[in-house]
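Here the structure is laid out as structure tokens; the discussion comes afterwards.
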Amino acid sequence: MDASDGQLILRTGVAGRAARLGHRLTITMTRWQAVVNWAGAEPVAAELAVELESFEVLRGEGGVKGLSGTEKVLVRSNALRSLNASRFPYVRFTSEAVVRTGDGYRLTGVLHIRGRARDHVIDLHTEDLGDSWRISAESTVRQSDYGVKPYSLVMGAMQVADVVSVSFTAVRAKDV
């Protein structure tokens, strides 16, 4: 699977004394690839690789005024610098266990961001659409757990919140 099958969206919050001045961002990652390994009809492993250079700001909500195109470019630049994307160009999740749940699968594995690896769990929901599958997941990531210092302004009075929400949705045709 890749971005032609669905979307990988990040949502940030704003923290600090001047948080009301900042934007809550919606970001898409436009280049990613997910690979699933199967044993018969059951998935046994999964890996997701996200290319950080594909970071694109869709919109900013809140703030004193709307988020301009120039500000979107600045947000992207600051984020790529914080993530040290030139040295660590990918975020990766590799499952170590895949367990069936009532409405999908629980993937337990390791998330790699900015050269750091930490255990991470993703609850993946699946829906049978007949000739295809709808796959979705929601997760949160604490930037500081991976050595990422959330971007801040005005001597820290306004900053990107440490916890980022990640959502994934895709529709994939069943293999015949």
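The values are calculated or read from the model by the stated rules, or taken from the named source; none is laboratory data. The shown structure was predicted, so the numbers you read here are calculated from the model rather than taken from an experiment. Neighbour counts are summed over all protein chains in view; Cβ atoms, including those assigned to glycine, are modelled from backbone coordinates with ideal geometry. The area values use the complete protein model at the heavy-atom level, side chains included, leaving out ligands, DNA and RNA. Shrake-Rupley method; radii C 1.70, N 1.55, O 1.52, S 1.80 Å.
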Tell me, what is the per residue accessible area of the stretch 6-173 in Å², probe radius 1.4 Å?
57 Å²
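Within the stretch 6-173, what whole-number % of the accessible surface is contributed by carbon and sulfur, with the 1.4 Å probe and all protein chains included in the calculation?
Working: 5080 of 9540 Å².
Of the solvent-accessible surface of the stretch 6-173, carbon and sulfur hold 53 percent.
When only the heavy atoms of the protein chains count and the probe is 1.4 Å, how do 132, 144 rank by accessible area, highest first? Walk me through the numbers before you get to the answer.
Details: 132 15, 144 60 Å².
I get 144, 132, largest accessible area first.
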Candidates 17, 134, 81, ranked by Gaussian network fluctuation over the chain, Cα under 10 Å, top entry:
17
Report, in debye and to the nearest 20, how large the dipole of the chain comes out about its Cα centre when Lys and Arg carry +1 and Asp and Glu carry -1 on their Cβ.
1020 debye
Measure out, as a whole number of angstrom, how far apart the alpha-carbon centroids of the stretch 139-172 and the stretch 82-110 sit.
16 Å
Using only Cα atoms, tell me the angle between helix 69-82 and the longest principal axis of the chain; keep it within 0 to 90° and round to the nearest 10.
70 degrees
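For residue 132, what is the net charge nearby, where nearby means another residue's Cβ is under 14 Å from its Cβ and Lys, Arg count +1, Asp, Glu -1?
Cβ neighbours under 14 Å give a net charge of -2.
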log10 I(q)/I(0), Debye, Cα-only the stretch 6-173, no solvent, q = 0.11, 0.12, 0.13, 0.20 Å⁻¹?
-0.50, -0.58, -0.68, -1.35
Net lengthening on full extension, residue 117/residue 42 (0.36 nm per residue, minus Cα-Cα)
24.3 nm
R0 of 30 Å, Cβ-Cβ distance residue 53-residue 154: FRET efficiency to nearest 0.05
0.60
